Amino acid sequence: MSSGQLSRDAVLWQLFAVGVAVLPHLVHLPLWIPLLVVISLLWRFMAHLGRWSFPSRWIKLLFVIVTGLAVLFSYRAGGGISVTVSLLVVGFSLKTLEVYKQRDALVVLYVAYLVAATGFLFSQTILIALYLLAAFAVITSGLLSVYQLRPKGLLKTFKRSCLLLLPALPLMAVLFIGMPRFGPLWEVGLDRSAARTGLSETMSPGDISSLIRSPEVAFRATFEAEVPAQSQLYWRALVLNDFDGREWFNAQSVKDKSSIASDLGRNGFSYSLILEPTQKRYVPALAYPVVPLGTKLSLFSDATVEYGLPITSRQQFTMKSDPSLKYHGDLDHDQRKRLLHLPEGNVQSKQLALKWLAESDSEAEFVQKVLAYFNQSFSYSLQPPLLGRNSVDEFLFDTQIGFCGHFSSAAALLLRAAGIPARVVTGYQGGDLNPYENYIVVRQYDAHAWVEAWLDGRGWVRIDPTASVAPERIENAAEDVFSTDDGFLEDNPFYAFSLKSSGLAEEIRLRLEAINYGWHRWVLNYHHQQSSVLSSILGSLSAIKLAAFLLVPFALVIGVTVLLLIRKGRPRASNVYDREVFRLSEKLKIKGLSRAKGETVNAYCARLSNVMPASSQLFVSLAGEYERARYAEAAELSGQEFSRIVDQCIGVFRSH
Amino acid sequence: MYAFFAPIKRWSDQWAAKRRPKGHSIELNQKRIFIFPTAAGWGYLLVCCVLILIGLNYQNNLVYAFAFLLISLGVLTIHYTFLNLSGLNISAIRTRNCFAKENADFIVKAFSNCQRDYESIELNWEGQPGIKVALDKGVSKEVVLNVKTIKRGFVNPGALRIQTVYPLGLLRAWSWIDLQMDAVAYPIPIEGPSPDKDLEHSEGEQGRSRGGDDFSGLEEYQAGHSTRHIAWKQFAQGKGLLTKHYSGQKSKDVWLRWADWPGASSERRLSIMTYWALQLENQGIRYGLELTGSRLPPAIGPEHLEAVLTNLALYGEESHLRIKR
């Protein structure tokens with residue numbers, strides 16, 4: 001059955017399906033692969049037209065060897081799913097070259113389904129989803145065309161396959177909502193080429209500026225209650241405790257788990273984060289987080305939160321924070337020593353710190369002096385001069401231009417030199433509030449670095465030296481502050497353009513962003529909402545209820561589909577006389593006098609007149625008129641007259 | 001291994017044959033339609049599983065959605081495939097006899113009262129190549145199914161399989177029905193000695209002598225008249241089918257008797273008789289048939305020929321089935 005030759009229409013559908021399935025992959029595949037696809041499709045199309053001949057076996061063999069080597073060469077650095085996808089794409093575009101029989105077509109189409117679906121591993125926007133839904137219909141048309149006996153025209157086949165697909169959509173929705181989701185069976189990583197920007201594990205002056213040029217979304221946050229003020233939105237991600245004179249980092253790879261209780265104080269609030277993939281484990285959190293037991297999140301003694309695995313795909317977390325939470329007993333000797341340690345160098349800065357310390361009465365006063373100093377003559381820029389070995393000295397006394405990385409690095413050093421334990425915290429500051437959905441988008445350009453200092457009697461206190469240089473940098477979203485700076489978003493001309501528009505354009509942008517947010521929350525991250533969605537539909541969850549939820553719609557949709565097909569297929573007499581006899585038979589059904597299957601009208605009328613001997617004349621005439629109307633050359637009675645006789649017959653039975 | 005399963009297979013075949021609907025016109029319904037995934041259907045399932053795995057491992061809900069759409073479509077296809085067979089009516093129309101080792105034709109009609117199209121339905125007799133048909137709504141279609149015969153006698157093609165994999169090839173729906181159609185395979189004609197010595201030497205003169213016969217007029221064509229004597233010229237003039245009548249045409253009846261070919265095996269005898277029946281029919285000479293247990297008086301014409309050939313074909317088979325004339 002599957003060895004027959006393909007019809008001409010079917011060949012065209014195969015080519016079309018392959019093209020449609022490959023299209024979304026073109027952006028991330030090495031350039032030669034799309035070229036190969038085009039050549040294969042073109043060659044097969046020319047063969048279809050009869051202009052070119054099919055490639056000989058040697059040419060095909062050559063193709064296989066060359067492309068196989070090319071894939072190996074293109075991905076010699078490794079590339080996870082990309083390699084698989086490109087092998088699939090190369091393989092099935094070569095297979096297209098020799099599509100001739102039904103069996104070939106099946107291989108091509110099944111792989112086309114796979115290739116189309118893997119498009120979602122690289123992009124998950126609404127547009128891609130719509131596109132791939134259409135691609136699904138095209139591939140299904142290809143499959144349908146393989147089994148069509150008579151070519152019906154490309155458009156008709158497509159329409160037919162859409163009709164087949166339509167009832168499948170509600171079933172898909174039911175499966176999507178109800179099907180239980182499980183964690184990954186084995187660990188997979190997206191390839192490096194698809195890696196997203198994120199915070200670095202270390203910070204040296206200049207690091208964050210590459211992030212600041214990116215408008216990519218870092219995460220989105222929804223607050224259950226009121227959204228805290230911009231100036232309170234310090235999303236702590238990483239705490240860097242060690243300094244080598246230029247770079248801040250963490251010398252110890254193992255961090256202490258926090259022993260804090262998981263309940264909140266009066267000031268607690270909860271929010272949920274949808275984190276974009278970073279390939280790292282950190283999860284930004286507002287000060288100071290607690291983590292519910294039984295989640296994959298771990299909380300550390302420096303009040304940072306980490307996920308159990310590197311975050312390779314978009315993840316959603318429910319978080320709780322309380323700014324008044326105390327994360328410390330006291331610093332022990334080792335901790336204090338570590339937090340005060342400074343390497344050699346940066347001598348001038350250390351001296352300055354000691355001088356200020358001598359002038360100050362308290363630690364708080366010293367901190368004020370540091371901030372005041374930054375406020376004097378420093379300026380904020382995203383394109384500061386490069387710094388050398390003693391980066392802090394050069395920055396403080398020489399260049400005096402920089403951004404958060406420079407300021408926090410210098411401030412932490414000054415604090416430590418004065419004997420105040422200090423550490424650098426990197427993360428994000430602020431975010432963009434979307435009024436339509438009441439959530440905050442935090443983009444990479446919101447990346448920020450600040451300092452936390454241990455003040456006796458007060459514990460860890462957040463100090464943001466950048467705020468004293470450019471306070472508006474903190475009080476407004478980064479977008480507003482930086483949009484005058486040339487370095488800001490210089491790699492994204494389109495985005496920069498959209499920033500300058502305002503009013504209506506801004507509203508549209510926010511609306512689109514809101515739709516996008518709903519898409520992320522309800523579709524892309526559905527597995528986090530599933531239990532709450534299901535329990536809101538079904539009440540308390542049980543296996544039986546879930547099974548019913550999955551099966552009942554299936555029975556319903558299938559029932560309706562079959563009913564529609566059968567109703568459409570109910571026998572309908574093509575002429576008025578048969579219809580009228582049918583009407584009579586239906587009317588008499590209750591009396592058990594319907595026409596038997598295969599019974600002639602003549603016999604039926606005879607049977608009726610046996611039941612009603614008084615009116616037998618009527619039935620005889622009905623039978624006679626029927627015969628004449630159907631089998632004589634010309635009908636003597638019009639349909640209306642015939643229908644009147646039928647009415648009389650019905651009337652006879654009604655009066656009894 | 002095969003020997004071990006043979007009794008089971010025989011038993012299940014018998015069971016299936018007993019359950020098989022019999023009749024000259026059979027409508028396919030849920031009681032008679034079987035459905036099972038094809039190899040392509042299992043492949044499709046594999047694609048679904050691979051996608052679920054990808055969705056699982058990459059925690060990608062859209063890949064899940066794609067896989068769920070494939071699964072839903074697959075489940076619906078069970079019904080689409082079933083409905084492409086359900087309500088279809090197959091009836092036996094007629095058969096066309098043949099000579100042994102040729103193809104006997106069985107003509108069946110497919111139609112449906114249901115107002116929907118039927119696409120790509122394959123009909124085949126057990127072990128015979130299939131024919132695919134498509135029906136537009138409300139249109140019936142006659143299908144000629146031929147069966148290669150092996151030897152003379154009744155040709156019973158066995159059960160007819162009606163199957164379809166439309167629309168997506170994932171499932172095969174099929175039904176076995178027994179239309180109780182029989183054709184007859186005549187013996188293979190083999191040239192042999194003439195049944196009548198006169199015929200043998202008059203044969204050479206026959207053409208001549210007929211040419212010398214006097215044309216005596218035209219009479220209206222009746223079934224049984226030799227088609228060689230039809231007056232085509234008059235027919236072309238629109239005067240109807242007329243037969244030329246020759247006054248000198250005096251046919252001598254020829255008997256084909258079992259005893260006329262002593263020495264030949266019985267199958268060979270039947271073949272030679274078949275040959276001569278065809279020859280005599282062709283030459284316009286009346287001929288009769290005498291076999292043990294049956295006798296057909298001399299006559300001529302296609303119907304007579306068919307009766308003679310059928311009797312020859314069924315010689316030795318159950319006598320009550322023989323066509324008597």
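List of remarks:
- Filtered by the rule that a residue be surrounded by 15 or more Cβ atoms within 10 Å (Cβ to Cβ), among the β-branched types (V, I, T) and assigned to a strand (DSSP E or B), the stretch B:106-150 gives B:I107, B:V108, B:I121, B:V133, B:V143, B:V147.
- Residue in the stretch B:123-140 that is β-branched (V, I, T) and in contact (Cβ under 8 Å) with a residue 60 or more places away in the chain present: no
Residue-wise test of (1) under 25 Å from A:E201 (Cβ atoms); (2) modelled with pLDDT of 80 or more; (3) more than 45 Å from the chain's Cα centre (by Cα).
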residue	(1), (2), (3)
A:A372	no, yes, yes
A:Q376	no, no, yes
A:P384	yes, no, no
A:V392	yes, yes, no
A:F395	yes, yes, no
A:Q400	no, yes, no
A:H406	yes, yes, no
A:S409	yes, yes, no
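- Filter pass, A:A261 being at pLDDT 80 or above, loosely packed, with under 15 Cβ neighbours inside 10 Å, farther than 30 Å from A:V217 by Cβ and of a type outside the set (D, E, K, R): no
- Among the residues of the stretch B:151-173, the ones that are assigned to a loop (DSSP other than H, G, I, E, B) and at positive phi come to 2 in all.
- One residue stands out among those in the stretch B:294-325 that are under 20 Å from the mean Cα position of the chain (by Cα) and more than 22 Å from B:S265 (Cα to Cα): the one that is modelled with the lowest pLDDT, which is B:I323.
- Selected residue (only one of A:V481, A:V461, A:V523 is open to solvent by 20 Å² or more (accessible area, probe 1.4 Å), on the phi < 0 side of the Ramachandran plot, at pLDDT 80 or above and assigned to a helix (DSSP H, G or I)): A:V523
- Residue match in the stretch A:343-360 (condition: free of Cβ contacts under 8 Å to residues at least 24 places away in the same chain, in contact with a Gly (Cβ under 9 Å, 6 or more places away or on another chain), among the acidic types (D, E) and open to solvent by 40 Å² or more (accessible area, probe 1.4 Å)): no
- Selection of the stretch A:428-453 for residues being more than 24 Å from A:P277 (Cβ to Cβ) and either within 19 Å of the chain's Cα centre (by Cα) or open to solvent by less than 10 Å² (accessible area, probe 1.4 Å) (or both) yields A:W450, A:V451, A:E452, A:A453.
- Considering only residues in the stretch B:151-162 that are open to solvent by 10 Å² or more (accessible area, probe 1.4 Å) and over 13 Å from the mean Cα position of the chain (by Cα), the one that is farthest from the other protein chains (Cβ to nearest Cβ) turns out to be B:R152.
- Looking only at residues in the stretch B:58-114 that are within 29 Å of A:C162 (Cβ to Cβ) and β-branched (V, I, T), the one that is nearest to the other protein chains (Cβ to nearest Cβ) is B:V63.
- The stretch B:252-268 - residue that is open to solvent by 60 Å² or more (accessible area, probe 1.4 Å) and assigned to a loop (DSSP other than H, G, I, E, B) and, of those, modelled with the lowest pLDDT: B:K252
- Matching residues, the stretch A:111-129, being of a type in the set (A, V, I, L, M, F, W, C) and surrounded by fewer than 18 Cβ atoms within 10 Å (Cβ to Cβ): A:I126, A:L127, A:I128
- Any hit, the stretch A:107-120, residues being over 19 Å from B:N61 (Cβ atoms), at the interface with chain B (Cβ under 10 Å from one of its Cβ atoms) and touching a Phe, Trp or Tyr at 6+ places or on another chain (Cβ under 6 Å): yes
- Selection status of A:V174, open to solvent by less than 50 Å² (accessible area, probe 1.4 Å) and more than 10 Å from chain B (Cβ to nearest Cβ): no
- If you filter the stretch A:1-27 down to residues that are in a loop (DSSP other than H, G, I, E, B) and open to solvent by 50 Å² or more (accessible area, probe 1.4 Å), you find that the one that is modelled with the lowest pLDDT is A:M1.
- Residue within the stretch A:332-343 that is farther than 19 Å from A:L240 by Cα, away from every other protein chain (no Cβ under 14 Å) and of a type outside the set (D, E) present: no
- Qualifying residue in the stretch A:43-56 (condition: part of a helix (DSSP H, G or I), surrounded by fewer than 18 Cβ atoms within 10 Å (Cβ to Cβ), aliphatic (A, V, I, L, M) and under 40 Å from the mean Cα position of the chain (by Cα)): yes
- Residues that are out of contact with any Pro (no Cβ under 9 Å at 6 or more places or on another chain) and either among the small types (G, A, S) or assigned to a strand (DSSP E or B) (or both) within the stretch A:434-451 comprise A:N434, A:Y439, A:I440, A:V441, A:A447, A:H448, A:A449, listed in sequence order.
- Checking each residue of the stretch A:373-383 against the condition of being touching a Gly at 6+ places or on another chain (Cβ under 6 Å) and open to solvent by 30 Å² or more (accessible area, probe 1.4 Å) gives at least one match.
- Unmet requirement for A:P613, which otherwise passes all of (1) at pLDDT 80 or above; (2) buried (at least 17 other Cβ atoms within 10 Å of the Cβ): (2)
- Residue list for the stretch A:147-166, restricted to those being out of contact with any Pro (no Cβ under 7 Å at 6 or more places or on another chain), facing another protein chain (nearest Cβ under 7 Å) and at pLDDT 90 or above: A:L165
- The stretch B:31-81, residues that are assigned to a helix (DSSP H, G or I), open to solvent by 50 Å² or more (accessible area, probe 1.4 Å) and either farther than 21 Å from A:G119 by Cα or touching a Cys at 6+ places or on another chain (Cβ under 8 Å) (or both): B:A39, B:W42, B:I71, B:I78, B:H79
- Inter-residue pairs, beta-carbon under 7 Å, first closer than 13 Å to B:L309 by Cα and in the stretch B:266-287, second part of a helix (DSSP H, G or I) and of a type in the set (G, A, S), 6+ apart: B:Y287/B:A277
- Complete set of residues in the stretch A:130-167 that are surrounded by fewer than 19 Cβ atoms within 10 Å (Cβ to Cβ) and within 17 Å of the chain's Cα centre (by Cα): A:L130, A:Y131, A:L133
- For the stretch A:177-194, taking the residues that are modelled with pLDDT under 75, part of a loop (DSSP other than H, G, I, E, B) and open to solvent by less than 50 Å² (accessible area, probe 1.4 Å), the one that is nearest to the other protein chains (Cβ to nearest Cβ) is identified as A:V188.
The values are calculated or read from the model by the stated rules, or taken from the named source; none is laboratory data. Being a predicted model, the structure only gives us computed values, none of them experimental. Quick reminder, even Gly has a Cβ in these numbers, built from the backbone with ideal geometry, and neighbours come from all protein chains shown. The protein model used for the area step is the full one, side chains on, heavy atoms only, and it has no ligands, DNA or RNA in it. Shrake-Rupley method; radii C 1.70, N 1.55, O 1.52, S 1.80 Å.
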